[in-house]
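Scroll down for the structure; my scribbles are underneath it.
Any read-out appearing in this document is the output of simple, stated calculations on the displayed coordinates, not a laboratory observation. All values derive from a computational prediction rather than experimental measurement. Because the Cβ atoms are built from the backbone with ideal geometry, glycine has one as well, and the counts that use them run over all protein chains shown.
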Amino acid sequence: MSLVSIEFTLRSVKLNSMKKNTARKGRPPSEMAASHAAIMNAVYALLQEKSIRDLTIEEVAKRARVGKPTLYKWWPTKATLVLAMLCERMAPNLEKPTVLTAEESLRLRVRRLIDAFSGPFGKIVAGLIAEGQSQPAIRQAFFDRWVSPRRTATIADLQRGKNAGELRSDTEPDLLNDAIFGAIYYRFLLGSGPFTRRFGEELVEQVIRGHRSGNARS
């Protein structure tokens, strides 16, 4: 065998060995997906039994049957883990059809948010907001990941309605949004009255009544 052939053979063996070592690293996508789902299920189940303050990473890891390093690799803090579960499990229920007027879109968003907050996720949202009062990083993360995307989408819908002549030309979409959803969070957190779909419908009607243009559908 020539020197060139020997070198080529040794190089091939080395490359094959490197490929095998690379293949051993990491976990198969299916296994990672299963672990992720188990972790999300564990967080949700535990938060039906206790508050966010009392929840521990150790408990989540034990129930999900994963190691703590796995949790800390994906979510550096307990709050980010809880927020990830909330956004993953609750957010899809708040999506809306695209063919709606601005007011129809607003009413649908309000109805679905009240439904979501009235269910098991309401306790989790309230817990995150409570923790955020003493930990600014949690409050900011909650706003950035949960509140801001929905606020931006609703304001865009209202601006679309204003541009289409559904709403008056002097309507301020951001203020209109905050007047409605601020009242929802106020009643949700303080329990100042019934937290129902009827409350949401009446709230939207009271706030938006003065902003409808003559072209708006009743």
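Summary of values
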quantity	calculated
Listed peptides 73-86, 183-196 by packing density, highest first (mean Cβ within 10 Å)	73-86, 183-196
Karplus (6.51, -1.76, 1.60) ³J(HN,Hα), θ = phi - 60°, over segment 133-145, in Hz, Gly and Pro reported as x	5, 9, 10, x, 5, 5, 4, 5, 5, 5, 5, 5, 8
In nm, spacing of pseudo-spin labels at residue 174 and residue 33 (7 Å Cα→C-beta vector)	4.1 nm
